[in-house]
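Data first, discussion second: the structure below is written as structure tokens.
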Amino acid sequence: MTAETAVKAPRPRRTGRVRKPLLYTVASVGLLVMAAPFLWMALSAFKTRQDLTASPPVWIPTTWTLDNFSALLDQLDMPRYFLNSLIVAVLVTVSNLLFCSMLGYALAKLDFSGRSKVFGLVLAALMVPGNLMILPLYVLMNGMGLIDTYAGLVLPFAAGAFGVFLMRQFMLQVPDELLEAARIDGAGEWYIFWRIVLPLVKPALATLTIFAFLGSWNNFIWPLIATNDPDKYTLPVALATFANDPNRTVAGGNGMLMAGSLLVVLPVLLVFAVLQRHFTQGIATAGIK
């Protein structure tokens with residue numbers, strides 16, 4: 001065999017060696033872009049007024065201070081607003097866990113007339129923009145006399161189409177044979193749901209907990225519309241009202257606003273940190289049947 005006819009051995013591909021560093025670089029840049037506003041907010045909460053108004057901007061505070069937090073507590077009734085947000089977020093989260101899991105179980109494991117139509121309504125509800133329902137919800141809550149009440153803030157979000165869809169998809173993975181065996185042993189549907197199914201879908205419950213708590217805690221439009229009494233304001237509404245106050249710059253400037261924003265974010269980060277392992281598993285397997 002001559003050298004001309006010899007088949008050249010394939011060269012080892014270097015695509016993988018080049019692709020991985022490139023992907024890491026792009027991911028790092030994307031992470032930096034997304035995290036930069038949060039880092040700026042967190043650092044600005046501890047800056048003095050001189051650092052906040054410095055030009056060019058100063059990232060790291062030259063002097064770390066808690067004056068912004070103390071001034072915020074003096075100007076706003078933060079414990080009251082924090083308690084309002086916590087009550088609403090906890091009630092919304094608990095109601096979503098209960099009602100969405102119950103309906104998800106019915107759609108996944110119970111055979112009843114019209115089940116596919118009910119599931120179709122759930123899918124249709126997912127396609128309706130949430131802001132489109134604000135006016136009908138306000139008319140309904142006002143007609144029921146629930147404006148300026150905790151019930152008026154909780155009931156419109158006590159269950160959601162996304163939560164029902166998530167729980168239904170996850171509960172499809174529970175073996176039917178396991179439920180049939182429980183029924184043969186005399187277990188009722190409530191016992192099966194509470195003692196057998198729910199412990200098997202903890203990742204989905206953790207995922208729904210994060211989404212429900214995050215959505216309720218950060219909700220701004222509905223609490224702004226449904227509350228006229230400042231004592232019922234949630235944290236986002238209170239901070240927005242403070243941000244539009246013409247005396248804000250005199251009282252403490254943007255440092256107080258950054259401190260308040262940091263206080264709003266911390267509970268969400270805490271909930272996610274506690275449930276992140278289950279959250280990742282729930283997202284990864286929610287669509288598997």
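The values are calculated or read from the model by the stated rules, or taken from the named source; none is laboratory data. Note that the coordinates shown come from a computational prediction; the quantities given were computed from them, not determined experimentally. Positions of Cβ are generated from backbone atoms using ideal geometry, with glycine treated the same way; all protein chains shown enter the neighbour counts. These area figures cover heavy atoms from the full protein model, side chains too; ligands, DNA and RNA do not enter into them. Shrake-Rupley method; radii C 1.70, N 1.55, O 1.52, S 1.80 Å.
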Helices (runs of 4 or more DSSP H) (entirely within region 231-289) containing at least 1 residues that are among the β-branched types (Val, Ile, Thr) and modelled with pLDDT under 80: 248-251, 254-285
Segments classed as helices (runs of 4 or more DSSP H), wholly inside region 149-207, with at least 2 members that are open to solvent by less than 60 Å² (accessible area, probe 1.4 Å) and over 25 Å from PRO129 (Cβ atoms): 161-171, 176-184
Residue satisfying condition, being modelled with pLDDT of 80 or more and not polar (S, T, N, Q), within set PRO10, PRO56: PRO56
Residue pairs meeting the criteria (Cβ under 7 Å; at least 6 apart or on separate chains; first under 17 Å from GLY104 (Cβ atoms) and in the same structural domain as LEU200 (by the TED database), in region 173-188; second open to solvent by 80 Å² or more (accessible area, probe 1.4 Å) and in a helix (DSSP H, G or I)): VAL174/LEU200
Among the residues listed as LEU73, LEU97, the single one being among the hydrophobic types (A, V, I, L, M, F, W, C) and within 24 Å of the chain's Cα centre (by Cα): LEU97
First in region 94-110 and assigned by the TED database to the domain that holds PHE193, second anywhere and open to solvent by 10 Å² or more (accessible area, probe 1.4 Å) and hydroxyl-bearing (Ser, Thr, Tyr), Cβ under 7 Å, 6 or more apart: LEU97/THR209
Tally, over region 216-226, of residues that are closer than 23 Å to LEU262 by Cβ and either buried (at least 21 other Cβ atoms within 10 Å of the Cβ) or free of Cβ contacts under 8 Å to residues at least 60 places away in the same chain (or both): 7
Selected residue (criterion: nearest to PRO267 (Cα to Cα)) from residues of region 82-117 that are among the hydroxyl-bearing types (Ser, Thr, Tyr) and out of contact with any Pro (no Cβ under 9 Å at 6 or more places or on another chain): THR93
Residues within region 99-123 that are out of contact with any helix residue (DSSP H, G or I) (no Cβ under 7 Å at 6 or more places or on another chain), hydrophobic (A, V, I, L, M, F, W, C) and farther than 15 Å from ALA159 by Cα, tallied: 2
Matching option when the condition is more than 21 Å from ILE210 (Cβ to Cβ), in contact with a Lys or Arg (Cβ under 6 Å, 6 or more places away or on another chain) and not hydroxyl-bearing (Ser, Thr, Tyr), among LEU132, LEU107, LEU137: LEU107
Odd one out for LEU137 among (1) in a helix (DSSP H, G or I); (2) open to solvent by 60 Å² or more (accessible area, probe 1.4 Å): (2)
